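Asks: I'd like to ask some things about the structure below.
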Amino acid sequence: MTYEKNASSVEGSSLSEYNPGLVNRFLKKIELQSADDNRRSNADLDPVPISKRTWRTHNYVMYWISDNFSPSGFRNAASLMEVGLSWKLSLICITIAQLITGIIIVINGMFGSTYHVGFSIQSRASFGYYFSYLMILMRMIVGIFWYGIQAYTGAECVSSMIYAIWPSFHNVPNHLPESANITTQMMTAYFVYFVIVLPMHFIPMHRLKILFTIKSITTPIVGFAIMGWVISRVPSKAELFSTETSIHGSALGWAFMSGLYSNIGTWSTLCVNAPDFTRYAKSNGSAFISAFVLPATGCLITFFGVVAAAGSKILYGKILWDPLLLIDNWTSRGGRAAAFFCAFFFLISQIGVNIAANSVSAANDMNCLFPRYINIRRGQVIVCILGSWALTPWNILTSATSFLNFMSGYSIWLGPIAGILISDYFLVHKCNYDVWELYNKDGIYRYNKFGINWRAFVAFFIAWVPLLPGFIPSVSSSITVSVGATRLYYLGYFYSLFVSMLVHYVLSYFWPAEQTMISNAVLPDADIIQAHNHGDLADENINNAFGRDEIIPKKE
């Protein structure tokens, strides 16, 4: 039986009404009220209404402070110092990496603060309506994987809290087999973490700024406290900063570049989906502070980590890069109380990092793939379950080196995506998009019957294919390639970003997609203002376009 749906039957109708069944009844039950089949959108995919644009400059300052001040931030310098860099060079490397990513985030985020839609909608203008779904899927997958890894770190925070309250928890026998790659203690902490974090995913994105404000106050205090305690206990302060560079010449230069690439790679997802949080900006310039706050906070938290690690070697005879391992050694009554509060605030920090950097981003992507049934809230719950349990991050981390190398190397695909987005917005279209055409599958951003912008397709593959030989050995050490391929890979993010920008611009310049070139931007606010100027009928049309009444209140 065939079924055709016309425009007048969009609201309140679905296939399930004509083809009853258990699955269809379930789908009908979970169908979003704000879903619009014509535009494949819902309330969370539509441009953010004015009432929810609540993020100001200080909120973005708090966001990045809270993102950097975490257990992961303490560990930043570890890998760099292990390959031979001094603590000073490690600080410089991390600061430069975060300065670069901060600039890219600001540049790409300008689209979000102007048009107030996220990456998943933005990508249609650059890649074509259907080709953009591949980019969205790639970003979603990496977000879910990182969510699971960060969830495990959150469970470590819970474990330290339990140790501080009940030291006997150290002696809980393990009833899980060795093949499980996780102990009974850690599984208990992991389950407690999941119970704590699950309700946090129901907080609307525009209200998450409250969580970031709390984090930005508490976690720096914890960082200063740990560093102060270490300095007060170490007998020789000079030993804290005695680490010198152990490699020289070209080996030092390429080790520095490798570290730079690795640190940029961990932020490459946020470089792509910056509009997912800049879309909530109060003004277009609110998020510009990111370019300064990111490197400043990254440098400071890395310095805390260096001091804590060097001090742990003097105090305990081994380097403890993880602050949670350090505070687990505070076993006196007062020490355990301090350890609990440190672990508690680290837990808040870790929850905020995981929600902002991974959960919301992956949920936005999932929302775009299934707009009829999944909004950001439902997407976050799905990401939480998949990342926490389906991926079993404790198994992933048993081969942490190769996996984390793969995740950092994933930037060879994310770099071209960011480059094409920036090139298309600023160079090709001169910041002029039609926001409503982005929701039209047959509109100007379809490009052709296949929904693929071939210019972006060519630029994307030219940007990452030459990096593939250097990427493979980073995952499998049994495979060797030439030194030149490896060194090109160390330059991979810069190569992929700028090559994709250049190729996309050149192809668009000589073979422009004329139908997408408009002389003036069509913004959501422009239509709202126009609606107010034309009375009730126009107001009603705009409200219908969004599928809800909160954009413009109906007049009595």
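Bear in mind these aren't lab numbers, they're just calculated from the coordinates by the rules spelled out. These numbers come from a predicted model, not from an experiment. A quick note on method: Cβ atoms are made from the backbone with ideal geometry, for glycine too, and the neighbour counts reach across all protein chains shown.
Asks: Given the pairs K29/K449; K28/K209; K88/K313; K209/K318; K215/K441, which are separated by over 29 angstrom at their Cα positions?
Replies: In this structure, K29/K449; K28/K209; K209/K318; K215/K441 exceed 29 Å between Cα atoms.
Asks: Between N329 and K282, 0.36 nm times their residue separation minus their Cα-Cα distance comes to what? Walk me through the numbers before you get to the answer.
Replies: Working: separation 47, 0.36 × 47 = 16.92 nm, distance 4.50 nm.
Computed gain between N329 and K282 is 12.4 nm.
Asks: Another question about this same structure. Net charge near S70: determine it from the other residues with C-beta under 13 Å of the C-beta of S70, scoring Lys and Arg +1 and Asp and Glu -1.
Replies: Result for the local shell: -1.
Asks: Okay, moving on. Could you list which residues have their amide H under 5 Å from that of S41, counting only those 5 or more apart in sequence or on another chain, with H placed in the peptide plane?
Replies: Correct list: D36.
Asks: Helix-only estimate, please: 222 nm mean residue ellipticity of the chain, summing -39500 (n - 2.57) across DSSP H runs of length 4 or more and dividing by its residues, to the nearest 500.
Replies: The helix contribution divided over the chain gives -19500 deg cm²/dmol.
Asks: P(r) for segment 206-259: what percent of alpha-carbon pairs falls in each 5 Å bin, starting at zero?
Replies: Percent of pairs per bin, in order: 4, 14, 11, 10, 10, 13, 17, 12, 6, 2, 0.
Asks: Another one. Calculate, in nm to one decimal, what V506 and I210 gain on full extension: separation in residues at 0.36 nm each, minus their alpha carbon distance.
Replies: Length gained between V506 and I210: 102.2 nm.
Asks: In addition: Where does the Debye-calculated log10 I(q)/I(0) of the chain sit at q = 0.07, 0.10, 0.12 Å⁻¹, using only Cα point scatterers of equal weight, no solvent?
Replies: The Debye formula, applied to the Cα set alone, gives -0.44, -0.88, -1.21.
Asks: Another question, if that's okay. Once the Cβ-Cβ distance between L22 and W436 is put in as r, and R0 is 51 Å, what FRET efficiency do you end up with, to the nearest 0.05? List each step's numbers first, then the result.
Replies: Working: r = 37 Å, r/R0 = 0.73.
Using R0 = 51 Å, I get an efficiency of 0.85.
Asks: Mind giving me the nanometre distance, one decimal, between the label points for I203 and H170, set 7 Å out from Cα along Cα→Cβ?
Replies: About 3.3 nm separates the two model spin labels.
Asks: Another question, if that's okay. Between S232 and T188, how high is the FRET efficiency from 1/(1 + (r/R0)^6) when r is the Cβ-Cβ distance and R₀ = 35 Å? Nearest 0.05.
Replies: Result of the calculation: an efficiency of 0.55.
Asks: Work out the charge dipole of segment 266-398 with +1 on the Cβ of Lys and Arg and -1 on the Cβ of Asp and Glu about the Cα centre, then indicate which of G335, L325, I396 is farthest towards its positive end.
Replies: G335
Asks: Same structure, new question: From the residues S246, F344, Q515, which one has its Cα farthest along the dipole of the chain in the positive direction, the dipole being from +1 and -1 charges on Cβ of Lys/Arg and Asp/Glu about the Cα centre?
Replies: The listed residue farthest towards the positive side: S246.
Asks: What net charge is computed for the residues neighbouring L421, neighbours being all others with C-beta under 15 Å from the C-beta of L421, Lys and Arg scored +1, Asp and Glu -1?
Replies: +2
Asks: Which distance in nm do the two modelled labels at Q515 and I217 give, with both placed 7 Å along the Cα-to-Cβ direction?
Replies: It works out to 5.4 nm between the two label points.
Asks: Within a Cβ distance under 13 Å of W394, other residues only, what is the Lys/Arg minus Asp/Glu net charge?
Replies: -2
Asks: Oh, and also: Roughly speaking, what is the stretch gain from K318 to T398, that is 0.36 nm per residue apart minus the C-alpha to C-alpha distance, in nm to one decimal?
Replies: Working: separation 80, 0.36 × 80 = 28.80 nm, distance 2.16 nm.
Stretched out fully, the K318 to T398 stretch lengthens by 26.6 nm.
Asks: Could I ask something else about it? Could you give the dipole magnitude of the chain about its Cα centre, charging the beta-carbon of Lys and Arg +1 and that of Asp and Glu -1, in debye to the nearest 20?
Replies: About 880 debye.
Asks: Output the DSSP H helices from the chain with an along-axis C-alpha extent of no less than 24 Å and a mean Kyte-Doolittle hydropathy no less than 1.0.
Replies: Within the chain the helices that satisfy the rule are 87-115, 132-165, 209-233, 290-316, 333-354, 492-510.
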